[in-house]
Structure formats: structure tokens, C-alpha cells
Amino acid sequence: MDMRSGGGMRLAAAVLVTGWMVLGQAAWAQSSTEGGLEPVEGSDTVAEPAPPEPQPDAVPADATVPQVALPGRGQVTNLPLPRYVTLKTGEGNARRGPGLSHRIDWVFKRAGMPLKVTAEYENWRRVEDQEGFGGWVHYSLLSGVRSVVIVAELADFRAAPDPQAEVVARAERGVVARVQQCAPDWCRISAEGEKGWVIKAALWGVDPGEIID
């Protein structure tokens with residue numbers, strides 16, 4: 001079984017030294033087994049986790065499912081499609097179709113990673129990662145909490161949403177960060193205690209022009 005996983009990653013934190021801001025290196029704890037996803041040959045190799053309490057993407061059991069989806073809306077939740085969610089657990093099976101009878105094509109292995117929802121069917125959501133890999137995942141494994149992954153080789157965390165603002169930290173490709181706020185071209189994100197504004201072109205998990213308060 002081939003493994004697809006993110007490599008090591010580091011977060012360069014800003015350190016105050018005699019009144020000057022200098023960039024020091026701090027280790028980013030990341031096991032190779034926690035990154036990305038891995039292919040699975042059979043359909044029964046990974047058991048589905050017990051469904052936790054419904055999250056924002058969940059639909060009550062007695063909810064009326066519309067027969068015809070509105071343009072750009074999910075037929076189950078009526079939420080926008082596509083939209084971004086995060087993986088709630090440390091392991092999530094991505095199946096070829098919406099149901100336990102379908103084989104597992106991938107296993108997502110990183111809690112908090114951003115995923116894009118592209119379709120809905122009953123309690124299942126078709127999702128993909130930043131590389132386009134994915135499949136159908138049970139809604140209970142997903143959360144409406146927003147995160148992003150760094151896709152630039154090196155992303156500057158700035159003190160303000162301005163390319164001339166002070167750089168307070170830097171993060172390498174593959175770092176996953178929590179979204180705190182987004183303006184049309186910038187997002188304020190946090191990772192391992194470091195916070196700052198990062199230009200959207202360096203991120204995956206938010207749309208151009210999307211505003212998040």
C-alpha cells in the first residue's frame with residue numbers, strides 16, 4: 001500500500017532581540033503518517049468511526065430533503081456548493097460512492113485539514129483536497145470550522161493585511177492553519193500559537209474575494 005503523506009514542516013517564529021524583529025527557526029511537530037492521505041486497495045480495511053454529534057454540516061433526521069436542488073446549493077443542506085469544511089477526525093474514509101457498500105479509495109489522515117465539498121447525497125458529502133483527491137465521506141466526519149493549508153513554498157505572516165506590513169512569522173508549504181478572519185485578498189490565520197495575515201494566493205481553503213468575520 002503506497003503512502004501519500006505530507007513531509008516535515010516548520011514554522012519560523014518572530015523573536016524579539018534587543019528591539020529588532022528577527023526570524024528564528026522553531027520545529028513544527030508533524031509526523032509523516034499524519035499528512036495528507038493514503039490509497040487503500042480494499043473496501044474493508046478501515047472501519048468507519050462512530051458518528052459523533054452532528055456538526056454545522058449535519059442535517060436533522062426529520063429534515064425535509066428538497067427534491068430539486070437550487071443552483072449552486074446542496075440538495076440536502078441547501079448550503080452553497082462548492083464550499084469548504086474541515087476533517088474533524090484523524091482518519092476519514094473517502095469512498096467511491098455515497099454508502100458503506102462502496103470501496104474505500106482514500107483515507108484522509110490529518111485532523112483539521114481543509115476539504116472542498118462538491119456534492120451531497122443523503123448523509124454523504126463528496127469532498128476533495130487541494131490536489132483534487134477524495135471521494136464520498138460521511139457527514140459526521142466533517143466540521144464547518146474553517147482552516148487553510150499553505151500552498152506557497154514559504155508564506156509570510158504579517159502584522160496587517162498589507163504587503164509592506166511587518167513579517168511576524170513564516171510557514172512552509174503543507175502547514176495547516178485555523179482561519180480567524182478573511183478580507184478580499186488576505187486571511188488572518190493561526191498555527192502553533194503564531195498569528196498573522198497571509199495573502200490568499202499562498203493559501204488553499206478559501207475562495208478569492210471571500211469575506212470571513
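The values are calculated or read from the model by the stated rules, or taken from the named source; none is laboratory data. Note that the coordinates shown come from a computational prediction; the quantities given were computed from them, not determined experimentally. No Cβ is skipped: glycine too gets one built from the backbone with ideal geometry, and neighbour counts run over all protein chains shown. Ligands, DNA and RNA are stripped out before the accessible areas are found, and what is left, the full protein with its side chains, is counted by its heavy atoms. Shrake-Rupley method; radii C 1.70, N 1.55, O 1.52, S 1.80 Å.
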Margin query: Only one of A165, A119 is under 21 Å from T77 (Cβ atoms) and small (G, A, S). Can you tell me which?
Written below: A119
Margin query: Pairs please, first residue from the stretch 110-123 and closer than 14 Å to R96 by Cα, second anywhere and of a type in the set (A, V, I, L, M, F, W, C), Cβ atoms under 6 Å, 6+ apart in sequence or on different chains.
Written below: E120/V76
Next item on the list: Note down all Cβ pairs under 8 Å where the first residue falls in the stretch 74-91 and is without any contact (Cβ under 8 Å) to a residue 40 or more places away in the chain, the second is among the acidic types (D, E), and they're at least six residues apart or on different chains.
Entry: L79/D57; L81/E120
Item checked: Residues that are open to solvent by 50 Å² or more (accessible area, probe 1.4 Å) and at positive phi, drawn from the stretch 71-103 -> N78
